[in-house]
Amino acid sequence: MNAGFDAGLYRWVVRLSQHTPGPLDSVVRLFSDYGVGVFAVLMLWAWWRARGGGDRARMAAVLAVPVVVVLAFLANDIVKSIFTEQRPCQTLHVAPTVEACPALGDWSFPSNHSAIAAASAVALLLADRRLGRIAVPFALLLGASRVWIGVHYPHDVLAGFVLGGVVAWLLMLAVRRLGVRLPTVGVPIRPRGPLRGGRP
């Protein structure tokens, strides 16, 4: 696939990045490459918040989040292998880009980072709305950073957002509606009532 209908926007963003201070580009590149770690921290935080409440349904949803994100990533990777779109930095020759251009065959559409970010944000919203609201702006920033560093077209990012978000939404709904029982590590088991003989 050779799609570049938003090539003009891509070129404009890359030219902008070429005229910004080096330290800013370094920060953006670092966040773009490792920003998915923010979502891992939020998932751990969601587990910590759920473990003390004794709500097994909530804990099941929280524990489902990383599984859902992995499945969304796999779905995105399958789509990527079907479309086989080259990176814009390979086809548009706009060097230098902030990030070194990936090798030929490292496909561009849809963006894996964007799919992971969107899946994490949507799944967290459905498992822990408070933390999900924190995840959403990080997801948007991560997607935008992929264009800034030169490795994705804007439509790669948008497609990753849609695919990752939809897959996560459907899977999290399935977890809720089908009553999937996941290991409830860290949830205290509370006695339902007094034992025989009236003793607690």
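The values are calculated or read from the model by the stated rules, or taken from the named source; none is laboratory data. Just so we're clear, the structure is a prediction, and the values are computed from it rather than from any experiment. A quick note on method: Cβ atoms are made from the backbone with ideal geometry, for glycine too, and the neighbour counts reach across all protein chains shown.
Among the listed residues Val79, Val136, Val94, which satisfies the condition of being surrounded by fewer than 21 Cβ atoms within 10 Å (Cβ to Cβ), in a loop (DSSP other than H, G, I, E, B) and either in contact with a Gly (Cβ under 6 Å, 6 or more places away or on another chain) or of a type in the set (Val, Ile, Thr) (or both)? Walk me through it before giving the result.
Values: Val79 fails: in a loop (DSSP other than H, G, I, E, B); Val136 fails: in a loop (DSSP other than H, G, I, E, B).
Exactly one of Val79, Val136, Val94 is surrounded by fewer than 21 Cβ atoms within 10 Å (Cβ to Cβ), in a loop (DSSP other than H, G, I, E, B) and either in contact with a Gly (Cβ under 6 Å, 6 or more places away or on another chain) or of a type in the set (Val, Ile, Thr) (or both), namely Val94.
Selection of helices (runs of 4 or more DSSP H) fully inside region 1-68 by the criterion of at least 2 residues being in contact (Cβ under 8 Å) with a residue 40 or more places away in the chain and in contact with an Asp or Glu (Cβ under 8 Å, 6 or more places away or on another chain) returns 22-34, 36-51. The number of residues in region 25-49 that are of a type in the set (A, V, I, L, M, F, W, C) and under 24 Å from His155 (Cα atoms) comes to 7.
Being hydrophobic (A, V, I, L, M, F, W, C) and either buried (at least 23 other Cβ atoms within 10 Å of the Cβ) or touching a strand residue (DSSP E or B) at 6+ places or on another chain (Cβ under 6 Å) (or both) is the filter here, so list the residues in region 110-130 that pass it. If you could, list the steps in order and put the result at the bottom.
So in region 110-130, the residues hydrophobic (A, V, I, L, M, F, W, C) come out as 115-119, 121-127.
Within region 110-130, Ala115, Ile116, Ala117, Ala118, Ala119, Ala121, Val122, Ala123, Leu124, Ala127 qualify.
Screening Trp148 with (1) within 29 Å of Gly52 (Cβ to Cβ); (2) at pLDDT below 95; (3) touching a Lys or Arg at 6+ places or on another chain (Cβ under 9 Å) gives one miss only, at (1).
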